Structures are given as C-alpha cells and as structure tokens.
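The values are calculated or read from the model by the stated rules, or taken from the named source; none is laboratory data. All values reported here derive from a predicted model rather than from experimental measurement. FYI the Cβ positions are ideal-geometry reconstructions off the backbone, even for glycines, and counts take in every protein chain you see. Side chains are part of the model used for accessible areas, which takes the heavy atoms of the whole protein and leaves out ligands, DNA and RNA. Shrake-Rupley method; radii C 1.70, N 1.55, O 1.52, S 1.80 Å.
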Number of protein chains: 2
Amino acid sequence: MTDGRLLKGEQTRRTILARAADIASAEGLEGVSIGRLATELKISKSGVFTHFGSKEELQLATVRAAAETFRRHVVEPALAAPEGMPRVRALYEAWQRYQREPVFPGGCFFYATVAEFDARPGRVRDAIAKAERAWSDFTERCLREARDLGHLTPETDVAQLAFELHALCRAGGANALLHDDNAAYARSAQAIRSRLSTATPHP
Amino acid sequence: MTDGRLLKGEQTRRTILARAADIASAEGLEGVSIGRLATELKISKSGVFTHFGSKEELQLATVRAAAETFRRHVVEPALAAPEGMPRVRALYEAWQRYQREPVFPGGCFFYATVAEFDARPGRVRDAIAKAERAWSDFTERCLREARDLGHLTPETDVAQLAFELHALCRAGGANALLHDDNAAYARSAQAIRSRLSTATPHP
DNA sequence: AAGTTAAACGAACGGTCGTACTTTCTTCTC
DNA sequence: GAGAAGAAAGTACGACCGTTCGTTTAACTT
C-alpha cells in the first residue's frame, strides 16, 4: 500500500462518488439516494452507507469529488498555458469543453447543485459555495495576471469581468440542455470573446 | 359565480399552488411533496391530492402559477412603459426587483427549476422550457422594437443580446443567494447597463 | 498460510412518499 | 330549503427513504 494501488474500499468509494456526481449533475444532490446507488452499482445498501455514515456526508463527499473532477478538466489545462491572455483563453475554452463533452451527463455539476442549495443553509451549501469561491478566485487571479502583463486594459475591473464571464459561460450550458440547442454554446463562446475584447488594449 | 368571488375549491387550489411555488423556488419542484403541503397548510393529504390527481399535474400547475406570478411582476410593468429603450430598461429593472424583493423566498422560481429539470426529459421540463421560451421571446421583441426605433444600433443581434442579458440577470440573483452577498445584484445591474450601452448609437 | 482487519451483506426499523378508495361535510343551484 | 355537486377528510396500500444491527466474506498483513 506504499505503491499506487488502491485498497478495495477506496476503489469502491470512488466508484460510488463518481456515480453520485453523475446523478447529481442531472437530478440534483437530493436525487442521489443510497438505495439507488446500491441498485445501480450492484452493491448492498448498507455497503454503500458504511462508506459515509450519513446522507449528508455522502453529499459532502460528492461535492468534493466533483470539485476534483472540475479541477482536473478545467483548472489544469489552464495552468498548462502561459500566463496572461493565453491562459485566460485556455481557461474559458476548457470550461466550455467541460460543459459539453460531457464530463457529467447532466451538464455542469455545480450549475445544478448551486441552484439546488443556494437557498438552503447548511454544510452542503457551504461546501458548494466554497468550491465556487475557489473557482472564481482562480479566474480572477488569471485575469489579474493578464491585466498586469498589459494584455487587458489597466482600468479593467477584474472581479466584475470574472462575474460576467462566469454568467455567460454557465448560461450557455444551461440553455443548450434545456432547449436541446447546441447554438447556445456558440452564443456563449461569442459573448465571452466579445466581452474579453472590450477589455483588450488598442483594438 | 358571475361576480369576482371565488369558489371555495378554486381558493384552496390557489393557496396550495402559491405555497408550492414558494417551496419550489427554494428547494426545487421535487422538494414539493403532497404530504408537506398538507401539513403546512393544515389540510388533509387527500384534500391536497384531489385538486391535481397526480404529482406531475401538481408540478405542472405549479409551473403555470409561477409563470403567471412572473408575468405579473415583470412583464406587466414593462408593458406599462413606452416602447423602445424605456421599455427595455423597465423590463430589466422589474426583473431585478422581482429577484430580490423577494417575490419567491428562494429567489427566481425559474432559475431553480430550470437547473433541476434541464437534463430530465418529460412534461415538466417541457412546461418550464416553454415558459422560458415565452419569456425570451418577449425580451427579444422588446429589444427588436428598440432597435427598430433607432434606440439600438441597426447591427444589433437581438437574440444574442437577449441571451447575454438573460445570463447576466440570472447570475446576479444566484450569486447573491449563494454567497449572501447583495453586491452581486449591483454587479448584475452594472453589467446589464454597460452591455446595453455597447449596443446604443453614437456614444 | 494464518491471523487480523476491513468491506460488504441481508434483514429490519420507523418514516414519508404518491396514490386509491370510501365516507362525511360544505357549498352552490334551483 | 331540498337536492345535486363539489371539496375535504379519513384510511389504507405498497414502494422507497435513511439508518442500525449482527453476520459473513473478502482482502491485506506478516
């Protein structure tokens, strides 16, 4: 167990969480039931339960697992690009790719769960909010770097810009799913492109 | 019954639907259960059930009721303003007011339910999608009028603009709720203002 | 290969879910 | 005010919920 192999339990736990995140992206975290996971994964209900000890812990673990997936699909590709505008562009491209690929069958895990828990105080909401905050902190950092390198105009309000790009990106995925209309992705991409260009020096 | 008075049954039905929409805005349409409505409204479970005949019909009726509420709070105020930019501005102001008032305790009913059902085919999703479509058709109509009156530049892509404003407006409410941060409303308002100004002639 | 620990099982719990009945009471109509 | 129509109550159903328990099987350690 000093090498890379996984203990049996850890392996099962990951399987459960991956499925839980998939379900949650499409039907919300409340749609994830222990009995359902057990049936679909052909494990006993108690076998699923023991890994987490409570429904809430399962939900929290699912949020953490989804955040890790998000990081791998969006943050890492961005970090692979050079600082400044290239990284900013890589970031939003990766984000859009992640939404339509689809990494999660129900679109973005966080779009679904934010809407589900934003008005429901508790540990789950706090965990989701924390993941969201970490993500927007990261986008702001990338945009700030771009501004400091002169790739964006000095007056650029980074927080405001991050908010707007966030809104535009999320809306693309949501509209595409709701209306079965891939054109929404294009609209989203176009909006992000032109919003970024308004903050770009000497047009 | 030719006068304005309501039959007893219709009155109860409305009470149920109002509560159902309130719950759904905060916890989703699946969070609306017949037993819960019965307990909270001090009616018997069967008393609630009889009005709709099935859970799905209750959900569909809730969507219709919420759409009517939305229309009253957002569409009507906009129609009261003169065509062109005044109406466009009235529209987005009313929308933002509706989100924070709050008309629904969990923010926008449609933000919550779209995210819940966008990846779940069925009659409920279709009803939500239809309401959304009616709404964006209306915003596009208002923007088109403004363009035709010369209040927006002739090249304005109305559908694209509507998409972006929609995204920005929704994001304000969502962020404000998730992070308990009223500044999100201001960001949203600011984004809408500046996006509209980019489509406004001779700056 | 044996010994130990971790993982998964299976059955059962009290609750709540949506739905199906029949019965009782209100309310509207004439 | 009597009769018809409608609304609400009451009860019961099977299904699934999260959770607890004691037991059994599998995996890891040495």
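Six or more apart or on different chains, Cβ atoms under 8 Å: show the pairs whose first residue is in the range B:99-123 and facing chain A (nearest Cβ under 7 Å) and farther than 15 Å from B:ALA24 by Cβ and whose second is assigned to a loop (DSSP other than H, G, I, E, B) and open to solvent by 30 Å² or more (accessible area, probe 1.4 Å). That search, which allows pairs on different chains as well, returns B:ALA119/A:PRO105. Scanning the range A:15-42 for residues that are within 12 Å of DNA strand D (Cβ to nearest atom), away from chain B (no Cβ under 14 Å), in contact with a Ser or Thr (Cβ under 8 Å, 6 or more places away or on another chain) and touching a residue at least 12 places away in the same chain (Cβ under 8 Å) yields a single hit, A:ALA20. Of all residues in the range B:9-34, those that are within 16 Å of the chain's Cα centre (by Cα) and either under 18 Å from B:LEU178 (Cα atoms) or open to solvent by less than 10 Å² (accessible area, probe 1.4 Å) (or both) total 10. As a summary of the residue check, B:ALA167 satisfies the conditions (1) farther than 22 Å from A:LEU177 by Cβ; (2) of a type outside the set (Phe, Trp, Tyr); (3) at the interface with another protein chain (Cβ under 10 Å from one of its Cβ atoms) except for the one numbered (1).
Looking only at the range A:37-57, how many residues end up being within 22 Å of A:ALA134 (Cβ to Cβ) and out of contact with any helix residue (DSSP H, G or I) (no Cβ under 7 Å at 6 or more places or on another chain)?
Step one: filter the range A:37-57 for residues within 22 Å of A:ALA134 (Cβ to Cβ), giving A:56-57.
Applying the additional criterion that residues be out of contact with any helix residue (DSSP H, G or I) (no Cβ under 7 Å at 6 or more places or on another chain) yields A:57.
Count: 1.
Does A:ALA184 satisfy the condition of being without any contact (Cβ under 8 Å) to a residue 24 or more places away in the chain, buried (at least 23 other Cβ atoms within 10 Å of the Cβ) and closer than 17 Å to B:ALA171 by Cα? Answer is no for this residue.
Checking each residue in the range B:147-170 for being open to solvent by less than 20 Å² (accessible area, probe 1.4 Å), outside any loop (DSSP other than H, G, I, E, B) and of a type in the set (A, V, I, L, M) picks out B:VAL158, B:LEU161, B:ALA162, B:LEU165, B:ALA167, B:LEU168.
When A:GLU101 is tested against (1) exposed (fewer than 15 other Cβ atoms within 10 Å of the Cβ); (2) in contact with a Phe, Trp or Tyr (Cβ under 8 Å, 6 or more places away or on another chain), exactly one condition is not met: (2).
Would you list the helices (runs of 4 or more DSSP H) that sit entirely within the range A:1-117 and hold 1 or more residues that are within 16 Å of DNA strand C (Cβ to nearest atom)?
Working: elements: A:8-27, A:34-41, A:45-50, A:55-70, A:76-80, A:85-100, A:109-117.
Fully inside the range A:1-117 and qualifying: A:8-27, A:34-41, A:45-50, A:55-70.
Going through (1) surrounded by fewer than 16 Cβ atoms within 10 Å (Cβ to Cβ); (2) at pLDDT 95 or above one by one, B:HIS202 falls short only on (2). Of all residues in the range B:43-99, those satisfying the criterion of being within 16 Å of DNA strand D (Cβ to nearest atom) and among the aliphatic types (A, V, I, L, M) are B:ILE43, B:VAL48, B:LEU58, B:ALA61, B:ALA65.
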